[in-house]
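The structure appears right after this line, and notes come after that.
The values are calculated or read from the model by the stated rules, or taken from the named source; none is laboratory data. Keep in mind that what you see is a predicted model, and the values were worked out from it rather than measured. Cβ placement follows ideal geometry from the backbone for every residue including glycine, while neighbour counts extend to all protein chains displayed.
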Amino acid sequence: MKIIGLAGWSGAGKTTLLAKLIPALNARGLRVSTIKHAHHAFDVDVPGKDSWVHREAGAQEVLVASANRFALMHELRGAPEWSLPQLLEKLTSVDLVLVEGFKRSGHPKIEVHRAANGKPFLWPEDPDIAGIASDFAPRPGAPPHVGLDDIECIVDMMLGAALPIEAVQARLSARGE
């Protein structure tokens, strides 16, 4: 299992790009999972449904299962946010895990950058940026750059920069993440 992230400022188009990259990776025969970092107040449950009632009643975990899928919700209930290595351990083995967000984490990342955002590049302050997908070329000395619409080249860049899970976990552990 290999890991690669997409990082960038809000509004850069990370989710839109991911929605194009996943089918392209699947077309190459790769099994893909994703981890998405969200703001603290997100919810995946529907108020009033049984699973919501279980969670609101104080259950630590609620697993909802059907013939088509299952979802496990884990309430932290004041405990610290889980680290990327802890979350990676929860996934079933696949060929590639795409991490959206966690831009401050030390895993390899492709920076998604859009000029209209008016934000600076995360590179060079982030040494884990292995490549850049943007709508304009970064300044000289930047990691490899491809256009935001060149999905196949972005896939190639991601596959070239992805690291095995063991290497990512060792790297993050060495940094105290």
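Observations
- Within the stretch 154-177, residues that are assigned to a loop (DSSP other than H, G, I, E, B) sit with their Cβ atoms under 8 Å from residues that are at pLDDT below 95 and surrounded by 13 or more Cβ atoms within 10 Å (Cβ to Cβ), at 6+ positions apart or across chains, in these pairs: Arg175/Gly106; Glu177/Ser83; Glu177/Leu84; Glu177/Pro85; Glu177/Ser105; Glu177/Gly106.
Condition check ((1) modelled with pLDDT under 90; (2) of a type outside the set (Gly, Ala, Ser); (3) under 14 Å from His107 (Cβ atoms)) across all residues:
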residue: Phe136; (1), (2), (3): no, yes, no
residue: Arg139; (1), (2), (3): yes, yes, no
residue: Pro143; (1), (2), (3): no, yes, no
residue: Gly147; (1), (2), (3): no, no, no
residue: Glu152; (1), (2), (3): no, yes, no
residue: Leu159; (1), (2), (3): no, yes, no
residue: Pro164; (1), (2), (3): no, yes, yes
residue: Ala167; (1), (2), (3): no, no, yes
residue: Arg175; (1), (2), (3): yes, yes, yes
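- Here the stretch 21-65 is the region considered, the condition is being more than 26 Å from the chain's Cα centre (by Cα) and part of a loop (DSSP other than H, G, I, E, B), and the residue that is farthest from Met157 (Cα to Cα) is Ala57.
- Subset of the stretch 50-65 (residues that are among the small types (Gly, Ala, Ser) and surrounded by 12 or more Cβ atoms within 10 Å (Cβ to Cβ)): Ser51, Ala59
- Selection within the stretch 91-105 - under 14 Å from the mean Cα position of the chain (by Cα), outside any strand (DSSP E or B) and either free of Cβ contacts under 8 Å to residues at least 24 places away in the same chain or surrounded by 15 or more Cβ atoms within 10 Å (Cβ to Cβ) (or both): Gly101, Phe102, Lys103, Arg104, Ser105
- Options Gly58, Gly48, Gly11, Gly29: the member that is farther than 26 Å from Ala115 by Cβ and either assigned by TED's automatic domain parsing to the domain that holds Trp123 or touching a Cys at 6+ places or on another chain (Cβ under 7 Å) (or both): Gly29
- Residue under evaluation Gly141, criteria (1) at positive phi; (2) in contact with a Leu (Cβ under 6 Å, 6 or more places away or on another chain), criterion not met: (2)
- Out of Pro108, Pro164, Pro140, sole residue that is more than 26 Å from Asn26 (Cα to Cα) and either surrounded by fewer than 20 Cβ atoms within 10 Å (Cβ to Cβ) or under 16 Å from the mean Cα position of the chain (by Cα) (or both): Pro140
- Close contacts from the stretch 35-55, counting a first residue that is over 21 Å from Ser105 (Cβ atoms) and a second that is among the charged types (D, E, K, R) and outside any helix (DSSP H, G or I), with Cβ to Cβ under 9 Å and a gap of 6+ residues or different chains, come to Ser51/Asp45; Trp52/Asp43; Trp52/Asp45; Arg55/Asp45; Arg55/Glu61; Arg55/Glu75.
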